[in-house]
Amino acid sequence: MDAGITLTVALAAGAGSLFLVAYAMRLMAGLQASGNYDLANGIGQVGRVYLTIPPARTGAGKVTLVVQGRSVTCKAVTSGAAGLATGAEVKVIELAAPDTVLVVSAVGEN
């Protein structure tokens, strides 16, 4: 074979490989997923009290609930006159802060 043809074939093969690898990398980059969850997606969810929640927003306790398919434990407050004991079923009604939910007792709710 002529040296010019060999060089042309080698350059074409190298360029083709370069584009194939770049395309494969772009496809793999599209598979990335964020591990973050948005606590606002927990509004309306029912969970359980993990640490007792004091009454009337005088302090924060903790609740465990499912947000975006994963079980999370987050700070919680209640505006009710009675606190919520560990193990009580609660419903999230809003975000009190970026990392804190406002809950009410879920007893008697349908």
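Readers should treat all values here as calculations from the given coordinates under stated rules, not as data from a laboratory. All figures in this text were calculated on a predicted structure; none of them were measured in a lab. In this analysis, Cβ positions are derived from the backbone assuming ideal geometry, glycine residues included, and neighbour counts consider all displayed protein chains.
Report yes if some residue within the stretch 22-37 is within 30 Å of T78 (Cβ to Cβ) and either in contact with a Phe, Trp or Tyr (Cβ under 6 Å, 6 or more places away or on another chain) or not polar (S, T, N, Q) (or both); otherwise report no. Steps first, answer last, please.
The first filter runs over the stretch 22-37 and keeps only residues within 30 Å of T78 (Cβ to Cβ), leaving 35-37.
Still in the list and also either in contact with a Phe, Trp or Tyr (Cβ under 6 Å, 6 or more places away or on another chain) or not polar (S, T, N, Q) (or both): 35, 37.
Scanning the stretch 22-37 turns up at least one residue that is within 30 Å of T78 (Cβ to Cβ) and either in contact with a Phe, Trp or Tyr (Cβ under 6 Å, 6 or more places away or on another chain) or not polar (S, T, N, Q) (or both).
Residue pairs whose Cβ atoms lie under 6 Å apart, separated by 6 or more positions or on different chains, with the first residue in the stretch 20-38 and without any contact (Cβ under 8 Å) to a residue 60 or more places away in the chain and the second part of a loop (DSSP other than H, G, I, E, B), are Y37/Q68.
For the stretch 73-87, the set of residues classified as under 18 Å from the mean Cα position of the chain (by Cα) and crowded, with 16+ Cβ neighbours inside 10 Å consists of C74, K75, A76, listed by residue number.
For the stretch 47-60, a residue qualifies if it is of a type outside the set (K, R) and part of a strand (DSSP E or B), and the qualifying residues are G47, V49, Y50, L51, I53.
Please state which one of V21, V90, V63, V104 is loosely packed, with under 11 Cβ neighbours inside 10 Å, among the β-branched types (V, I, T) and not in a loop (DSSP other than H, G, I, E, B). Lay out the reasoning, then the answer.
Details: V90 fails: loosely packed, with under 11 Cβ neighbours inside 10 Å; V63 fails: loosely packed, with under 11 Cβ neighbours inside 10 Å; V104 fails: loosely packed, with under 11 Cβ neighbours inside 10 Å.
It is V21.
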